[in-house]
Number of protein chains: 2
Amino acid sequence: MTNITARKLKIVQPVRSGQTTEQVVARVYELIKHQDLKPGDRLPPERELSKQLGISRPSLRAGLSALISMGVLQSRQGAGTFIVDGPPALDSEPLRLLAQLHGFSFEHMFETRAILEVGAAGLAAERATGEQLATMSEQIADMFASLKDPQQFLVHDVAFHRAVAAASGNPTLATLVEMVSAILYERRRETIERAHDFNEALDLHRRVYRAIRARQPEEAREAMREHIVRAQRAFALEEKQATDNTENGDD
Amino acid sequence: MTNITARKLKIVQPVRSGQTTEQVVARVYELIKHQDLKPGDRLPPERELSKQLGISRPSLRAGLSALISMGVLQSRQGAGTFIVDGPPALDSEPLRLLAQLHGFSFEHMFETRAILEVGAAGLAAERATGEQLATMSEQIADMFASLKDPQQFLVHDVAFHRAVAAASGNPTLATLVEMVSAILYERRRETIERAHDFNEALDLHRRVYRAIRARQPEEAREAMREHIVRAQRAFALEEKQATDNTENGDD
DNA sequence: ACATAGGTATTGGTAAAACCATTTGATACC
DNA sequence: GGTATCAAATGGTTTTACCAATACCTATGT
């Protein structure tokens, strides 16, 4: 029966690769789990830690390297290795690579971003604190002041969306929003110079903000949905212009 | 008074400006970007690749280790290192660690999962192919057959949700769904034995399926929302029982 | 007494060589 | 022709050594 090939049995359980790497990750995980380590704390020196785990230093470093690439650890030569401090964040590099590898389209990413941020906006309308509302408002004010400076406008645009995500009160959601947005943001920086008018985007930002402040989840969701749909269109237009006149990017 | 003169005479080959790990990741990224590497392809042997990049093998391996932990590469001793084949997937380990580190609650994860899967259900109702519908239906049938076997029921439960995510036609979204669900799934496996009745869950699954098949996005979204809310309640209940009688897990 | 400069120990970063374990494939034997 | 065995290829791990940056301590001068 050769038609077995139709169903690929990709069950890969005996992946011995990373046996020690796994061990390192598991060990650090245990340390964190038992509250022996908190954000900002320093890990034992590599030479000592490798002894504790009974593995060589290069092997230990392979594991630490993986954790660093996950964004969980951070090393400073001469100082030590630390648990990353600051707001929780996932590195977007893995998603970027995966997208590149499988040819994810930007349309799909925008769609995903819309789902995440629409949800975040709805939750923010229910939970946003006064301080979070103030942060959003400030970013909108800064957008007003940056109408003539695309790059600067984009900075405050991203900051506003970050504030909304944070105001959702859901760190898991906020983390995913950040991860997806980071990829689109980097791309957008290259094309935003071709945008002509930010007034529409600004208006929609204000509409989102007003809805959140008024504690109207549905309106906040609808405004955010509208905003991202239009942002996607603007992005697609800029991309098209970039294709049309590859060299003529100054006007 | 330049006290640095004595020490620095031996510098012949200044290290590339950045970290070597970054360099490796960037290099592989370039290979993928230029389509020199596709899923399933094999990378050059480590000894050769380290020469090409002008770095030592341990340093190269640190970078590869990072890529493996990202889920982009996979190594098989004696065979080689390959670009991961199969459906796109992000390792959920980073999110798990981040959640543990910052104390993300399961409530928040369920909330995030709800946002993602409700969105996916809506899209699936618009785009699901016949084959994808068939897969969902099969999983529901298997759930019927597994009403007396919690672990088996859970397997088909997860498979159903995976099918819905795939039917959204959005690989980015499907990847995030997988990542979040994987964490909740592992936890659920430990507690599901305490569940008493799967009929309600099964009914809601069928309702989701019927809505998708009938091409009714709003109904699909509502059904999925309802389902996940109830699943969260069931999960919370099982967790509570686990706390009440810690040892009495056999009945 | 205090502040600052410099040196030293600590610690992460990189490298090289050697050996082990597994896989693959070729070859020899049945 | 099939099967078993061995060898080469390749990832996995360890040991050792040295480089580089940081932190801390000490000495010196004001």
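The values are calculated or read from the model by the stated rules, or taken from the named source; none is laboratory data. The structure presented is a predicted model; accordingly, all values stated were derived computationally and were not measured. A quick note on method: Cβ atoms are made from the backbone with ideal geometry, for glycine too, and the neighbour counts reach across all protein chains shown.
Of the candidates A:V118, A:V84, the single residue that is surrounded by 20 or more Cβ atoms within 10 Å (Cβ to Cβ), facing chain B (nearest Cβ under 10 Å) and more than 13 Å from DNA strand C (Cβ to nearest atom) is A:V118. Just checking, does segment B:97-109 include any residue being more than 16 Å from DNA strand C (Cβ to nearest atom), surrounded by 21 or more Cβ atoms within 10 Å (Cβ to Cβ) and charged (D, E, K, R)? Checking segment B:97-109: not a single residue is more than 16 Å from DNA strand C (Cβ to nearest atom), surrounded by 21 or more Cβ atoms within 10 Å (Cβ to Cβ) and charged (D, E, K, R).
Limited to segment A:179-197, what total is found for residues that are in contact with a Leu (Cβ under 7 Å, 6 or more places away or on another chain) and buried (at least 19 other Cβ atoms within 10 Å of the Cβ)? So that I can check it myself, show each step before the final result.
Step one: filter segment A:179-197 for residues in contact with a Leu (Cβ under 7 Å, 6 or more places away or on another chain), giving A:179-180, A:183, A:188-189, A:192.
Now drop any that are not buried (at least 19 other Cβ atoms within 10 Å of the Cβ), which leaves A:179-180, A:183, A:188.
Total satisfying the criteria: 4.
A residue that is among the β-branched types (V, I, T) and more than 19 Å from B:E222 (Cα to Cα) occurs nowhere in segment B:113-126. The residues in segment A:59-79 that are surrounded by fewer than 18 Cβ atoms within 10 Å (Cβ to Cβ) and either among the β-branched types (V, I, T) or within 7 Å of DNA strand C (Cβ to nearest atom) (or both) can be counted, and the count is 5. Whether any residue in segment B:41-54 is more than 12 Å from DNA strand D (Cβ to nearest atom), touching a helix residue (DSSP H, G or I) at 6+ places or on another chain (Cβ under 7 Å), in contact (Cβ under 8 Å) with a residue 40 or more places away in the chain and of a type in the set (A, V, I, L, M) is what I want to check. No, because not a single residue in segment B:41-54 is more than 12 Å from DNA strand D (Cβ to nearest atom), touching a helix residue (DSSP H, G or I) at 6+ places or on another chain (Cβ under 7 Å), in contact (Cβ under 8 Å) with a residue 40 or more places away in the chain and of a type in the set (A, V, I, L, M). What residue, of A:R57, A:R47, is farther than 11 Å from B:L101 by Cα, within 10 Å of chain B (Cβ to nearest Cβ) and at pLDDT 90 or above? One residue alone meets the criteria, A:R57.
Quick check, is A:H156 surrounded by fewer than 24 Cβ atoms within 10 Å (Cβ to Cβ) and touching a Pro at 6+ places or on another chain (Cβ under 7 Å)?
Details: surrounded by fewer than 24 Cβ atoms within 10 Å (Cβ to Cβ): yes; touching a Pro at 6+ places or on another chain (Cβ under 7 Å): no.
So A:H156 does not fit the description; no.
The number of residues in segment B:162-187 that are under 14 Å from A:M179 (Cβ atoms) and at the interface with chain A (Cβ under 8 Å from one of its Cβ atoms) comes to 5. Of all positions in segment A:91-106, at least one carries a residue that is more than 9 Å from chain B (Cβ to nearest Cβ), in contact with a helix residue (DSSP H, G or I) (Cβ under 8 Å, 6 or more places away or on another chain) and assigned to a helix (DSSP H, G or I).
The residues of segment A:125-139 that are in contact with a helix residue (DSSP H, G or I) (Cβ under 7 Å, 6 or more places away or on another chain) and of a type in the set (D, E, K, R), listed by number, are A:E126, A:R127. Residue check: A:F104 meets all listed conditions (1) under 13 Å from B:T175 (Cβ atoms); (2) modelled with pLDDT under 90 but one, namely (2). If you go through segment A:164-178 and pick out every residue that is more than 13 Å from the chain's Cα centre (by Cα) and buried (at least 24 other Cβ atoms within 10 Å of the Cβ), you end up with 4.
How about segment B:113-145: which of its residues are without any contact (Cβ under 8 Å) to a residue 24 or more places away in the chain and more than 22 Å from A:T172 (Cα to Cα)? Can you show your working first?
Start the filter on segment B:113-145 by keeping residues that are without any contact (Cβ under 8 Å) to a residue 24 or more places away in the chain, which leaves B:115, B:130-131, B:134, B:138, B:141-142, B:145.
Correct list: B:G130, B:E131, B:A134, B:E138, B:A141, B:D142, B:A145.
Here B:Q19 meets the list (1) within 15 Å of DNA strand D (Cβ to nearest atom); (2) at pLDDT below 80; (3) more than 10 Å from chain A (Cβ to nearest Cβ) almost entirely, failing just condition (3).
Conditions tested, residue by residue: (1) within 19 Å of A:S69 (Cβ to Cβ); (2) among the hydrophobic types (A, V, I, L, M, F, W, C).
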site: B:L31; (1), (2): yes, yes
site: B:D36; (1), (2): no, no
site: B:P44; (1), (2): no, no
site: B:R47; (1), (2): no, no
site: B:P58; (1), (2): yes, no
site: B:L64; (1), (2): yes, yes
site: B:I68; (1), (2): yes, yes
site: B:V72; (1), (2): yes, yes
site: B:G80; (1), (2): no, no
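Going by the structure shown, is B:S92 of a type in the set (S, T, N, Q), within 15 Å of DNA strand C (Cβ to nearest atom) and touching a residue at least 24 places away in the same chain (Cβ under 8 Å)? Taking the combined requirement at face value, the residue does not satisfy it. Whether any residue in segment B:28-35 is within 15 Å of DNA strand C (Cβ to nearest atom), surrounded by 16 or more Cβ atoms within 10 Å (Cβ to Cβ) and either within 15 Å of A:R96 (Cβ to Cβ) or modelled with pLDDT under 80 (or both) is what I want to check. Scanning segment B:28-35 turns up no residue that is within 15 Å of DNA strand C (Cβ to nearest atom), surrounded by 16 or more Cβ atoms within 10 Å (Cβ to Cβ) and either within 15 Å of A:R96 (Cβ to Cβ) or modelled with pLDDT under 80 (or both). Considering only residues that are in contact (Cβ under 8 Å) with a residue 12 or more places away in the chain and either aromatic (F, W, Y) or near DNA strand D (Cβ under 6 Å from one of its atoms) (or both), which ones fall in segment B:69-83? Result: B:G80, B:T81, B:F82.
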